[in-house]
């Protein structure tokens with residue numbers, strides 16, 4: 001029996017797959033959620049980040065979780081980025097020059113993931129926690145259905161992990177100095193890989209967001225305190241010269257009672273003045289700080305601000321909006337490519353290695369790929385492609401299908417076909433078919449006739465139909481005894497589709513004129 005090797009070519013013990021790795025680490029299950037924002041100061045924040053750099057990730061990721069929970073702007077922007085890849089369609093693509101067995105394996109994995117009890121959308125959403133935290137651990141619990149091993153997905157909190165002493169690996173925090181190594185085929189460990197380098201503790205986007213968050217928290221607290229007292233009158237007590245300490249204390253009690261109870265007593269010689277506060281210069285300063293923090297957070301998360309705030313004045317140009325949206329697409333595509341690589345390594349490969357063992361290697365493993373293409377404007381292509389093909393340009397059919405996101409039909413699959421014109425059923429007996437006659441003359445007309453000849457051809461084609469209708473109308477006029485009766489008879493005779501032939505004739509005439517114009521333009525060139 002051939003041994004099963006992991007993604008890195010090392011043999012694995014299948015017995016370790018009988019239960020999740022975290023099942024035997026009891027201290028992880030008994031952790032209590034401790035909020036980190038109470039009494040958060042710049043000094044305390046710096047200490048938390050320093051401890052994370054030294055390998056202790058617990059307080060840093062508790063802080064990150066609190067930030068996303070309590071800051072509505074961060075949560076809204078992070079949700080946009082997380083859900084951006086959830087709506088993308090995905091496929092399992094066999095390797096280049098795939099054999100029949102590799103193609104069959106790719107199709108098998110696709111069917112398994114499509115039929116999974118836990119949808120792929122939930123897994124992708126859990127993996128996108130890596131954007132903020134730097135890594136997103138999802139534990140795999142394998143269950144057997146018949147002869148097939150299938151995974152269930154369980155996202156785990158980042159507080160359960162730590163860095164080893166060399167700060168090179170993320171490991172389970174089992175209480176030891178180095179932590180416990182992650183079992184192969186037991187985890188989907190998605191990490192945020194960007195141009196930035198450094199320790200794993202610094203990979204999360206929340207490391208950047210934590211300072212604007214802190215500044216905004218201070219500004220918000222000061223603003224709340226400002227609103228609590230803004231507009232309230234200031235009560236000033238004035239005591240006479242030489243007042244004793246007891247008299248001053250009596251005046252202070254009077255001021256305090258007046259502010260709360262609107263009544264107080266005091267010596268007659270002392271005075272109270274109520275000064276009204278006007279102006280609100282402090283308000284704009286607090287709001288400006290919070291607005292700066294919001295914009296800084298939007299730029300860090302989405303690369304732009306227009307999708308979150310239209311800016312001062314409430315407007316933004318359409319062109320600027322498109323540019324900002326393109327930035328979001330670039331970030332989404334980068335996230336999707338990273339997630340696809342992780343899913344190929346930590347999910348697709350284990351599925352095949354456990355269920356279809358053989359000469360499988362990560363290099364020849366079918367890969368998961370998200371569809372990152374944008375469908376082109378169908379109207380523009382519908383107008384351009386026939387003209388380009390008519391001019392002699394050779395356009396591959398597969399290219400057109402890919403650009404328009406129209407799948408190729410499978411064998412025997414029904415396809416849409418152009419509608420054919422219905423036969424005309426209201427032609428009067430003996431009335432010739434002018435449209436058919438005109439159609440017969442079109443090739444000759446476009447090749448040899450002048451504009452005057454085309455006009456004469458159209459007039460000749462319409463003459464029999466017009467003559468028939470005019471003769472009928474003349475009979476109705478002669479038989480009518482009043483204008484009301486004539487109106488009624490005309491509506492009965494021509495209120496339907498009696499002029500269908502003329503409509504078709506006019507349509508053919510317009511088409512003929514366009515063809516003639518194209519012919520003349522080509523002759524001039």
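The values are calculated or read from the model by the stated rules, or taken from the named source; none is laboratory data. If you're wondering where the values come from, they're calculated on a predicted model, not measured in any experiment. When we count neighbours, we look across all protein chains shown, and the Cβ atoms used for this are built from the backbone with ideal geometry, even at glycine.
Being surrounded by fewer than 19 Cβ atoms within 10 Å (Cβ to Cβ), touching a helix residue (DSSP H, G or I) at 6+ places or on another chain (Cβ under 8 Å) and under 27 Å from residue 335 (Cβ atoms): is that true of residue 155 here? Reasoning before the result, please.
Working: surrounded by fewer than 19 Cβ atoms within 10 Å (Cβ to Cβ): yes; touching a helix residue (DSSP H, G or I) at 6+ places or on another chain (Cβ under 8 Å): yes; under 27 Å from residue 335 (Cβ atoms): yes.
Yes.
Take the residues in the range 349-363 that are buried (at least 18 other Cβ atoms within 10 Å of the Cβ) and within 16 Å of residue 99 (Cβ to Cβ), then tell me which one is modelled with the lowest pLDDT.
Filtering the range 349-363 for residues that are buried (at least 18 other Cβ atoms within 10 Å of the Cβ) and within 16 Å of residue 99 (Cβ to Cβ), the one modelled with the lowest pLDDT comes out as 360.
Identify, by number, the condition in (1) at pLDDT 80 or above; (2) out of contact with any helix residue (DSSP H, G or I) (no Cβ under 7 Å at 6 or more places or on another chain); (3) surrounded by 15 or more Cβ atoms within 10 Å (Cβ to Cβ) that residue 53 doesn't meet.
(2)
Pull up the range 126-148, narrow it to residues that are touching a strand residue (DSSP E or B) at 6+ places or on another chain (Cβ under 9 Å) and outside any strand (DSSP E or B), then point me to the one that is nearest to residue 347 (Cα to Cα).
First, pick out the residues of the range 126-148 that are touching a strand residue (DSSP E or B) at 6+ places or on another chain (Cβ under 9 Å): 126-130, 134-144.
Filter once more, keeping what is outside any strand (DSSP E or B): 126-130, 134.
Working: 126: 14, 127: 12, 128: 16, 129: 18, 130: 17, 134: 20 Å.
Among those that are touching a strand residue (DSSP E or B) at 6+ places or on another chain (Cβ under 9 Å) and outside any strand (DSSP E or B), it is 127.
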